[in-house]
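Asks: To start, I am sharing the structure in question, which I have written as structure tokens.
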Amino acid sequence: MPPLSTCYSRMVAPGVFGYDLLVISPKFTALFKSVTVGLMVVAGGTAGYVLIEKMDAFDALYMTTITVTTIGFKEVFPLSTSGRIFTMVLAFAGIGVILLIASEFARTMLETDLRRVLGIRRDLKLMKRLKNHIVVCGHGRMGQAVVEVFRQRGLPFVVVDVNPDHCRELEDQGQHVVRGDATDEKVLASTNIAQAKTIITCLADDAHNVYTILLARQLNPEITVIARAVETGAEERLKLAGADRVLNPYQIGGMRLALTAIKPTVTDFIDQSLLGSSVELELAEIVIDPASQLAGKTLAGAEVRKRFGIIVVALKRGDRAIFNPDAQERIEGGDVLVVLGPLSAIGRVEKAVQ
């Protein structure tokens, strides 16, 4: 992974989200340097007139300004020979600095999309208002698949990626994106991770995923962490770093291919229930609020299937999961119901349990 300083990146300093956004790319660095040289020339010219001609500071600054800008107004008073020599040197230096700043400014304007630059602060202000969103670190093939699901379902999310092309694509789609290295604390904090619900690490190697998990846990100890394992056997290291769940896409993909060959009808049904279909079938999880109308009732007493037209596939209570629960199983606050049914029915259940 290239260092952050070589990327077209967002860098942050204290102020907005606790951090104030400052956008600096290599294109702007040269311009800032040329402006700094110009200020140094002005400061040197002012000091020179004070020392050589014994002028006060304001007159010295005035002489420096009309000399560097080649305006050529009348001198404050006749200069000595040393003063004239200094003025000639300062004039040539001023011409050079003006040409340098003008060329760097023109190059920067040609190479930079000002609309994007000016829109970054607005984007981060919008991100500041996000709550219970999902942070996706990495927008490679895996990250793109994750983002596509969130986008289709209208879920709030922020992507962190160092690749300028990936970021530009997301910006064109109107998505929240932060350009930078997810292992940089300031970059990760700029996603408003303190208010995020979940972080998904899809970076290119396990070392970067581990470091990102550690930073995420530091910035938001309550966040749910889902990590992608790149190498076989990395699952345990990622869990030790603080990941709640670790997925190995190669292992899952291999199992999926095998099950498709062995049980094609079952895998088709899973596709329909998880990824959407023409019948709008949904396999979802419903968290029971302690104050909801279902809490304290049995599955039979709540008449879940009759009232909402859904099937309770499983009930999770803490670390214990009950598959195909009995009709007399009591629903308690904090339980998670895994249900299967049409999207409209899922929506009615979610309102009932709030």
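Asks: Ordered by packing density, taken as the mean number of other Cβ atoms within 10 Å over each peptide's residues, highest first, how do 304-317, 135-148 rank? Let's see the in-between values first.
Replies: On the way: 304-317: 17.3, 135-148: 19.6.
Taking the mean over residues of other Cβ atoms within 10 Å, the ranking is 135-148, 304-317.
Asks: Please list, in chain and number order, the residues 5+ apart from residue 55 or on another chain whose amide H is under 5 Å from its amide H, with Hs placed from the backbone.
Replies: 50
Asks: Here is a follow-up. Take each of the peptides 39-45, 187-193, average the number of other beta-carbon atoms within 10 Å over its residues, and list them starting from the highest.
Replies: On the way: 39-45: 15.7, 187-193: 24.1.
In descending order of packing, they fall as 187-193, 39-45.
Asks: Once you have the Cα-Cα distance between residue 197 and residue 58, take 0.36 nm times their residue separation minus that, and quote the gain in nm to one decimal.
Replies: Numbers: separation 139, 0.36 × 139 = 50.04 nm, distance 5.72 nm.
Roughly 44.3 nm would be gained on extension.
Asks: For the range 117-224, what does the alpha-carbon gyration tensor say about shape, rounded, prolate or oblate, given a ≥ b ≥ c as the root eigenvalues, a/c under 1.5 as rounded, and a/b over b/c as prolate?
Replies: Details: a/c = 1.32, a/b = 1.16, b/c = 1.13.
Rounded.
Asks: Here is a follow-up. Return P(r) of the range 263-353 (all Cα-Cα pairs; 5 Å bins starting at 0; whole %; ordered from short to long distances).
Replies: In order of increasing distance, the bins hold 3, 14, 25, 26, 16, 10, 5, 1, 0 percent.
Asks: Enumerate the amide H contacts of residue 246 below 5 Å, restricted to partners 5 or more residues apart or on another chain; note that Pro and chain-start residues carry no placed amide H.
Replies: For residue 246, whose amide H was placed from the backbone, the distant partners under 5 Å are 227.
Asks: Could you give me the ³J(HN,Hα) list for the range 44-57, computed from phi with Karplus coefficients 6.51, -1.76, 1.60 and θ = phi - 60°, whole Hz, x at Gly and Pro?
Replies: Values, residue by residue: x, x, 4, 5, x, 5, 4, 6, 7, 9, 6, 6, 6, 4 Hz.
Asks: Antiparallel DSSP bridges in the range 142-239: what percent, to the nearest 5? It would help to have the intermediate numbers written out before the result.
Replies: Details: 0 of 8 bridges.
Antiparallel: roughly 0 percent of the beta bridges in the range 142-239.
Asks: Would you mind classifying the range 27-111 by shape? Square roots of the alpha carbon gyration tensor eigenvalues, ordered a ≥ b ≥ c; an a/c under 1.5 is rounded, otherwise it is prolate if a/b is larger than b/c and oblate if not.
Replies: Values: a/c = 2.96, a/b = 2.40, b/c = 1.23.
Note, shape of the range 27-111 comes out prolate.
Since every read-out is calculated from the coordinates, none of them should be taken as a lab result. Owing to the predicted nature of the structure, the values given are computational and were not obtained by experimental measurement. Heads up, the Cβs are rebuilt from the backbone with ideal geometry, glycines too, and the neighbour counts pull from every protein chain shown.
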